[in-house]
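The values are calculated or read from the model by the stated rules, or taken from the named source; none is laboratory data. As the structure is a prediction and not an experimental result, all values here were calculated from the model. For neighbour counting, all protein chains shown are included, and Cβ atoms are generated from backbone atoms with ideal geometry for every residue, glycine included. Surface accessibility is based on the protein's heavy atoms, side chains included, excluding ligands, DNA and RNA. Shrake-Rupley method; radii C 1.70, N 1.55, O 1.52, S 1.80 Å.
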Amino acid sequence: MSLINENFLELQDSYLFSTIAKKVAKFTEENPNKKIIKLGIGDVTRPIVPACVQAMHKAVDEVGTEEGFKGYGPEQGYEFLRKAIVKNDYQSRGIKILEDEIFVSDGAKCDCGNIVDIFAIDNKVAITDPVYPVYIDTNVMSGRSGKYNKNTETYENIIYLPVTEKNKFKPELPKEKVDMIYLCYPNNPTGTVLTKEDLKQWIEYAKKNKSIILYDAAYEAFITEKNVPHSIYEIEGAKEVAIEFKSYSKKAGFTGIRCGYVVIPKEVTGYTKDGNEVSFNRLWNRRTCTKFNGVSYITQRAVEATYTEEGKKQIMQNIKYYMENAKIIKEGLENAGYTTYGGINSPYVWLKVPEGMTSWEFFDKLLEEANVVGTPGSGFGLHGEGYFRLTAFGTKENTIEAIERIKNWKIN
């Protein structure tokens with residue numbers, strides 16, 4: 001008899017974005033003549049920039065020759081890309097990161113999910129709420145979450161850190177000792193940020209409790225304010241307690257091409273039950289060599305091109321385009337009387353739904369009456385209820401039209 005991993009049975013049936021897709025598909029089928037504008041899922045709309053396209057063309061031509069053909073590459077990433085990452089993302093900010101502390105992957109989502117492989121199952125986990133669902137679900141799959149309580153809508157072994165307007169969207173330190181801490185900043189879904197001073201207290205907590213911070217910085221390219229760090233390693237001591245995830249999905253429009261990386265400094269260590277220190281870098285390298293064959297050469301050459309002067313300029317134009325959309329959304333909603341957060345250092349705008357409505361009720365009415373799709377806050381966790389996320393990754397034309405519809409929309 002083949003037994004299943006029963007941890008999967010603790011997952012909740014409805015995954016947020018699949019539920020949205022079903023609702024939109026049903027509405028479209030019933031209303032084929034209505035134009036629906038989607039500002040829900042955070043997928044990009046701008047084309048891959050010319051510098052990256054040219055690099056891919058060149059790489060394709062190269063692997064089509066006997067002398068340029070590439071078979072299996074290094075599982076951790078080609079040296080040329082790791083060098084470019086170290087130079088541009090870290091050395092340029094005065095941060096010392098070594099090439100063999102960089103692991104190139106097929107995206108931050110995979111890294112955030114796979115990282116649990118190198119942590120013990122009985123580690124205590126703290127996760128901000130609302131939150132990107134992958135953090136919770138992968139800990140459920142691996143058996144770290146415990147049972148789900150339908151009454152409280154929480155898992156028994158997860159420590160939830162509320163992020164709401166009551167605490168200015170800055171999570172409070174856990175009141176108990178935890179071993180793994182998930183932080184995502186700029187935050188998905190709220191679009192809010194933590195300053196260097198805010199992060200400093202988390203570093204101090206982690207050092208005191210021998211905890212590890214899993215820091216998702218997938219949206220750092222959208223930061224506009226100077227006091228907001230682009231890397232957790234800008235804070236002294238972070239290299240001893242933090243693992244950082246970064247992505248090219250939104251920064252370079254690689255949601256379909258797939259590439260990201262994880263940084264694990266050699267100073268970051270865990271412990272055996274006997275109290276012996278073990279390098280997480282060594283464990284992740286072993287896991288990578290066993291379970292991953294690396295990102296394609298063609299993709300990595302495209303990523304390398306994001307660090308050229310031309311590539312940087314072209315990508316910044318796309319980022320400015322999306323952040324102009326964020327401004328249109330934020331200002332338009334506020335003019336319509338909504339309270340909003342985010343949208344300044346992030347492509348996401350987090351709005352309060354009208355009193356007396358749930359976030360899913362707001363979703364349904366917005367879809368049916370304004371034909372605009374967003375993301376209900378409750379889909380990101382218990383403390384997301386009462387909020388709603390809109391993304392700036394649409395086209396400018398659709399963004400303007402969607403906000404005009406919302407401004408002219410009267411909730412019954």
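When the residues of segment 22-42 are filtered to those that are touching a strand residue (DSSP E or B) at 6+ places or on another chain (Cβ under 7 Å) and open to solvent by less than 90 Å² (accessible area, probe 1.4 Å), the one that is farthest from K320 (Cα to Cα) is V24. For segment 74-84, the condition holds for no residue, the condition being that it is surrounded by 15 or more Cβ atoms within 10 Å (Cβ to Cβ), out of contact with any helix residue (DSSP H, G or I) (no Cβ under 7 Å at 6 or more places or on another chain) and among the small types (G, A, S).
Screening segment 227-262 for residues that are in contact with a Pro (Cβ under 8 Å, 6 or more places away or on another chain), farther than 16 Å from I181 by Cα and not hydrophobic (A, V, I, L, M, F, W, C) and picking the one that is least open to solvent (accessible area, probe 1.4 Å) gives G253.
With the structure loaded, tell me whether T224 is open to solvent by 20 Å² or more (accessible area, probe 1.4 Å), of a type outside the set (G, A, S), in contact (Cβ under 8 Å) with a residue 40 or more places away in the chain and not in a helix (DSSP H, G or I) or whether it fails that test.
On the way: open to solvent by 20 Å² or more (accessible area, probe 1.4 Å): yes; of a type outside the set (G, A, S): yes; in contact (Cβ under 8 Å) with a residue 40 or more places away in the chain: yes; not in a helix (DSSP H, G or I): yes.
Yes, satisfied.
Which is in a helix (DSSP H, G or I) and either touching a residue at least 40 places away in the same chain (Cβ under 8 Å) or open to solvent by less than 60 Å² (accessible area, probe 1.4 Å) (or both), of T19, T45? If you could, list the steps in order and put the result at the bottom.
On the way: T45 fails: in a helix (DSSP H, G or I).
So the residue among T19, T45 that is in a helix (DSSP H, G or I) and either touching a residue at least 40 places away in the same chain (Cβ under 8 Å) or open to solvent by less than 60 Å² (accessible area, probe 1.4 Å) (or both) is T19.
Scanning segment 114-135 for residues that are at pLDDT 95 or above and outside any loop (DSSP other than H, G, I, E, B) returns N114, I115, V116, D117, I118, V125, A126, I127, T128, D129, Y135. Residues in segment 263-314 that are of a type in the set (S, T, N, Q), surrounded by 15 or more Cβ atoms within 10 Å (Cβ to Cβ), in contact with a Gly (Cβ under 9 Å, 6 or more places away or on another chain) and not in a helix (DSSP H, G or I): S279, S296. Residues of segment 155-167 include at least one that is more than 18 Å from I213 (Cβ to Cβ), open to solvent by less than 40 Å² (accessible area, probe 1.4 Å), modelled with pLDDT of 95 or more and over 14 Å from the mean Cα position of the chain (by Cα).
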